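Following: one structure in structure tokens, then a few remarks.
The values are calculated or read from the model by the stated rules, or taken from the named source; none is laboratory data. What you see is a predicted model, and the numbers here were worked out from it, not measured in a lab. Note: ideal-geometry Cβ built from the backbone for every residue, glycine included; neighbour counts use all protein chains shown. Heavy atoms of the whole protein, side chains included, go into the accessibility calculation; ligands, DNA and RNA do not. Shrake-Rupley method; radii C 1.70, N 1.55, O 1.52, S 1.80 Å.
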Amino acid sequence: MAQPVRIPFTSSRRGTIGLEWELALVDVDSGDLRQVASTVLDALRPPEASEHPYVKQELLLNTVEVVSGVNETVDGAARDLERAIGEIRAVTDPLRVELMCAGTHPFARWNQQKVTDKQRYATLIDRTQWWGRQMLIYGVHVHVGIEDRDKVLPIMRALLTVFAHLQSLSASSPFWGGDTTGYASNRALMFQQLPTAGLPFQFPSWAELEQYVGDMQHTGVIDDFTEVRWDIRPSPRFGTLEVRICDGTPTMLELRALAALVHCLVEHFSSELDAGRELPTMPTWFVQENKWRSARYGMDAIVILDAEGNEELVTDSVAGWLTVLAPVAERLGCAEDLDGVRTILRKGASYQRQRAAARRAGGSLGAVVDSLVREMRAGRPL
């Protein structure tokens, strides 16, 4: 057995929040992806700085990532993203490039995409080959500050009991390379093909996490902890729990709603620990099944709720959680944003709206891209 690697957890203010939103760059005329990320990033880079504080490089040249600063509220983090997107549009509009987000682009071909010229990305592609080159996917990451390292793993395990709720609400990748997949979130099952991606191990202690990282480094699987790409993972450098479950979301309303749901769930579970109550967990096999069900059926998924194997339609379970979390949302100042979850329940998740757009256009996936671009501009589901 290798020596464990010590993983210090940065002190962080409880309940602080940060957001990351991966955006596709699409051609106004064709709807296909444009490989212009370097042009955008160069134009936005402040003098004497290596990069823009809120607009970042990603794996592929068709993608930019907007990130927020550390905020006390969902609203503050969302406003950071809105300002960054405004700056991006000042560059992309003259290029006849639009911004779009979904878990996958409906018809773009993975083998036509260019990888960013950076060593860490070259290493990833060299190791993962065909699966790595397939990573034409987009996601949303939510960081929530945790004030005590001992809370991190219990809250992570508890969040796995509502994994399917977040994946179903955010599911936005029903098409892949021009094909209809039959899945609400094809992205979820694509991404887990990478080494160290997918569902996290349910370690009972921080020492076991450190042993895992020591073993992975000793055997050359990873060079550092950032290469652990779980759907939910501790982010020791920031002192946060990072929730990476969600498909890329097309609208600011949905982004705010999903961020508020994550924020409230983390705070709810943290408060339960403060009260001395044991947090819910589920066996690994139930969590794995829930991931598949929500990826396949989305809002129509019958999800497993607990270790006893009780089940419920995911939308009914979400509605129940909204009632539980209402006082938490008031406390966190995100009640209006959390109410956006009801808009998703009413309007449908993005995968449902994309399928409807394709049906209206006689199967045209170009029409789906057009609908996603319009929704991004509008900031809400249409």
> Out of region 232-263, which residues are open to solvent by less than 10 Å² (accessible area, probe 1.4 Å), on the phi < 0 side of the Ramachandran plot and in a loop (DSSP other than H, G, I, E, B)?
Replying inline: ILE245, CYS246, GLY248, THR249, PRO250, THR251
> What number of residues in region 211-231 are surrounded by 19 or more Cβ atoms within 10 Å (Cβ to Cβ) and part of a strand (DSSP E or B)?
Replying inline: 0
> If you take the residues of region 273-290 that are without any contact (Cβ under 8 Å) to a residue 40 or more places away in the chain and in a helix (DSSP H, G or I), which of them is least open to solvent (accessible area, probe 1.4 Å)?
Replying inline: PHE286
>> Being surrounded by fewer than 21 Cβ atoms within 10 Å (Cβ to Cβ) and without any contact (Cβ under 8 Å) to a residue 40 or more places away in the chain is the requirement here; does ASP316 meet it?
In response: yes
> Would you say ILE302 is more than 30 Å from LEU33 (Cα to Cα) and either open to solvent by less than 30 Å² (accessible area, probe 1.4 Å) or at pLDDT 95 or above (or both)?
Replying inline: yes
> If you scan region 21-76, which residues turn out to be over 30 Å from TRP176 (Cβ atoms), in contact with a Cys (Cβ under 9 Å, 6 or more places away or on another chain) and aliphatic (A, V, I, L, M)?
Replying inline: VAL74
> Of all the residues that make up region 149-170, how many are open to solvent by 10 Å² or more (accessible area, probe 1.4 Å) and either closer than 25 Å to GLY366 by Cβ or free of Cβ contacts under 8 Å to residues at least 40 places away in the same chain (or both)?
Replying inline: 0
> Could we say that ARG359 is among the basic types (Lys, Arg), surrounded by fewer than 16 Cβ atoms within 10 Å (Cβ to Cβ) and either in contact (Cβ under 8 Å) with a residue 24 or more places away in the chain or part of a helix (DSSP H, G or I) (or both) here?
Replying inline: yes
> Among the candidates VAL36, VAL115, which residue alone is open to solvent by less than 50 Å² (accessible area, probe 1.4 Å) and either of a type outside the set (Asp, Glu) or farther than 28 Å from LEU261 by Cβ (or both)?
Replying inline: VAL36
>> Condition check: of a type in the set (A, V, I, L, M) and more than 23 Å from PRO234 (Cβ to Cβ). Does ALA102 satisfy that?
In response: yes
> Does THR323 satisfy the condition of being hydroxyl-bearing (Ser, Thr, Tyr) and part of a loop (DSSP other than H, G, I, E, B)?
Replying inline: no
>> Can you tell me which condition ALA108 does not meet? The list is (1) at pLDDT 95 or above; (2) under 28 Å from ASN290 (Cα atoms); (3) among the hydrophobic types (A, V, I, L, M, F, W, C); (4) part of a loop (DSSP other than H, G, I, E, B), and all the others hold.
In response: (2)
>> If I filter region 132-148 down to residues being assigned to a loop (DSSP other than H, G, I, E, B) and open to solvent by 10 Å² or more (accessible area, probe 1.4 Å), which single residue comes out as modelled with the lowest pLDDT?
In response: MET135
>> Please pick out the residue among LEU338, LEU365, LEU345 that is open to solvent by 30 Å² or more (accessible area, probe 1.4 Å), among the hydrophobic types (A, V, I, L, M, F, W, C) and closer than 18 Å to ALA171 by Cα.
In response: LEU345
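Residues checked against (1) closer than 25 Å to VAL368 by Cβ; (2) part of a loop (DSSP other than H, G, I, E, B):
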| residue | (1), (2) |
| --- | --- |
| GLU51 | no, yes |
| GLU65 | yes, no |
| GLY76 | no, no |
| GLY86 | no, no |
| PRO94 | no, no |
| ALA102 | yes, yes |
| ALA122 | no, no |
| ILE125 | no, no |
| TRP130 | no, no |
> Can you name every residue in region 171-204 that is in a helix (DSSP H, G or I) and either at positive phi or open to solvent by less than 10 Å² (accessible area, probe 1.4 Å) (or both)?
Replying inline: ALA188
>> VAL115 - would you say it is closer than 26 Å to ALA78 by Cα and in contact (Cβ under 8 Å) with a residue 12 or more places away in the chain?
In response: no
> In this structure, does LEU325 turn out to be open to solvent by 10 Å² or more (accessible area, probe 1.4 Å) and at pLDDT 95 or above?
Replying inline: no
